[in-house]
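Note sheet for the following structure.
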Amino acid sequence: MPYGFSEPSTAAPTRVPAPASRTPHGTTPTPPRLRTRTTAALRHAWPALAAYTAVRALGLLVFTMWAHRDHRGVRHLLMESWDCDWYLRIAQSGYADELGTRIDGNNLAFFPLYPLLIRAGDALVPWLPRGAAGLSVSVAASLLAAWGIFAVGDRLYGRGTGVVLAVLWGSLPVALVQWMGYTESLFTALCAWSLYAVLSDRWLWAGSLAALAGLTRPTGVAVAAAVSLTALLTLRRPPAAAGSRRPLRPLLGALVAPLGWLAYVGWVGLRLGRWDGYFAVQKLWRNEWDGGVATYRRMRDLFVTERPALFVAMVTVVLLGAVVLFVLSVGDRQPLPLLLFSGLLLVIVLGSSGVYFPRARFLLPGFPLLLPVAVALARARAHVRVTVLIAAALTSAVCGGHMLLGWHGPP
């Protein structure tokens, strides 16, 4: 493993690449074409993609049947409700040009990459119904995310763990959001492939994908910091230990990674005419970082003085479970970029004073937290592994239906 990361003893053996093809003269080796490499990678990842698709299709089926029973519009809920509508209106009309005073009313809180993709989709296929472009982006991005998550698990622990990891990500309690007009799938795809690029010593790719993640969600700062800090630590090691003959590439990756997040935050400041413009917008959304004081008080009230709704109780279980999984990840000595990303994501989500109930969704991109469970299941007997994954998929389907139909609020 590069950068001094210790590789577990269960790691898959290194694959020997096929001999390079030769020119008709038989002298100059020709590198394999991108299409050939992509096809081979897809063939290797297809069990993960097929299993992930099956899990999410089950969740969608349960949700659709539930919605029809309750006489609720499936298309509206998946494509136009809550944050979906915010992104659609940004794609159609652009951003606000003043701060205002309305609580939860300034669309500058939403980052621009996803609305730009929606606008591009609407321009290319104008006859699609409202929201279809956004949903298409999310579904396509969810498959790319599952592929990237598989790739990380496969590289660290082998193909079986990669498949289980992708299925677990698709079986999270709030995983229905992955196939809605939300940004979580796009953001997770960018984060997963950025982290994979770090693990495989592709620094320009890592930095570029992290920059795009920084244009997608405010928590993009977590993956940007993970890429930049890991790259800078790599530069401090001797060339042989750094695993790279081009020390300029880690430096470029470190510099590029935060540019997306910084560019949008800076643009909002210029648009509003104040250096803290973006943070002023977040304050209007009652979303400030307080070190976890608000989260602690909310959890304390839930356990001591309130009888929480089922969805809020589920969110609390997810948050506490994420903390436990992070401790296990540290104990497993996961590679540094994964620990940095997961840890910073937890700090941002748990340390915010914002609305409590969407926080399980905010943690969806933290797939490295699932690695301890994925490794354990991959090593378990087949019938245990299959039973646990089926139970997780069914639980996710029920929780997803309750999230959109039984909970009277946004996911």
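The values are calculated or read from the model by the stated rules, or taken from the named source; none is laboratory data. Because the structure is a prediction, the values reported are computed rather than measured. Counting neighbours? That spans all protein chains shown, and the Cβs are built from the backbone with ideal geometry, glycine included. These accessible areas exclude ligands, DNA and RNA; they are computed on the full protein's heavy atoms, side chains included. Shrake-Rupley method; radii C 1.70, N 1.55, O 1.52, S 1.80 Å.
The figures follow:
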read-out	value
Scope segment 62-76; condition surrounded by 11 or more Cβ atoms within 10 Å (Cβ to Cβ), of a type in the set (Lys, Arg) and free of Cβ contacts under 8 Å to residues at least 60 places away in the same chain; matching residues	75
One residue from 344, 340, 336 being in contact (Cβ under 8 Å) with a residue 40 or more places away in the chain, touching a Ser or Thr at 6+ places or on another chain (Cβ under 6 Å) and either open to solvent by less than 60 Å² (accessible area, probe 1.4 Å) or within 25 Å of residue 145 (Cα to Cα) (or both)	336
Inter-residue pairs, beta-carbon under 6 Å, first within 19 Å of residue 156 (Cβ to Cβ) and open to solvent by 10 Å² or more (accessible area, probe 1.4 Å) and in segment 190-211, second assigned to a helix (DSSP H, G or I) and among the hydroxyl-bearing types (Ser, Thr, Tyr), 6+ apart	209/194
Residues being in contact (Cβ under 8 Å) with a residue 40 or more places away in the chain and surrounded by fewer than 18 Cβ atoms within 10 Å (Cβ to Cβ) - total across segment 374-384	1
Every residue from segment 119-171 that is outside any helix (DSSP H, G or I) and surrounded by 24 or more Cβ atoms within 10 Å (Cβ to Cβ)	171
Members of segment 270-284 that are over 10 Å from residue 108 (Cβ atoms) and open to solvent by 50 Å² or more (accessible area, probe 1.4 Å)	270, 273, 274, 275, 279, 283
Whichever residue in segment 78-118 is out of contact with any Phe, Trp or Tyr (no Cβ under 8 Å at 6 or more places or on another chain), closer than 21 Å to residue 177 by Cβ and touching a residue at least 60 places away in the same chain (Cβ under 8 Å) and, among such residues, is most open to solvent (accessible area, probe 1.4 Å)	82
Filtered residues of segment 92-148 (kept if closer than 20 Å to residue 287 by Cα and either within 22 Å of the chain's Cα centre (by Cα) or of a type in the set (S, T, N, Q) (or both))	101, 106, 107, 108, 109, 110, 111, 112
Selection count where residues are open to solvent by 10 Å² or more (accessible area, probe 1.4 Å), over 18 Å from the mean Cα position of the chain (by Cα) and of a type outside the set (Phe, Trp, Tyr), scope segment 347-365	4
Unmet criterion (only one of (1) farther than 18 Å from residue 152 by Cα; (2) touching a helix residue (DSSP H, G or I) at 6+ places or on another chain (Cβ under 9 Å); (3) in a loop (DSSP other than H, G, I, E, B)) for residue 355	(2)
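Each row is one residue, and each column tells you yes or no for (1) modelled with pLDDT of 95 or more; (2) farther than 26 Å from residue 69 by Cβ.
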{"site": "298", "(1), (2)": "no, yes"}
{"site": "303", "(1), (2)": "no, yes"}
{"site": "311", "(1), (2)": "no, no"}
{"site": "335", "(1), (2)": "yes, yes"}
{"site": "354", "(1), (2)": "no, yes"}
{"site": "378", "(1), (2)": "yes, yes"}
{"site": "396", "(1), (2)": "yes, no"}
{"site": "401", "(1), (2)": "no, no"}
{"site": "408", "(1), (2)": "no, no"}
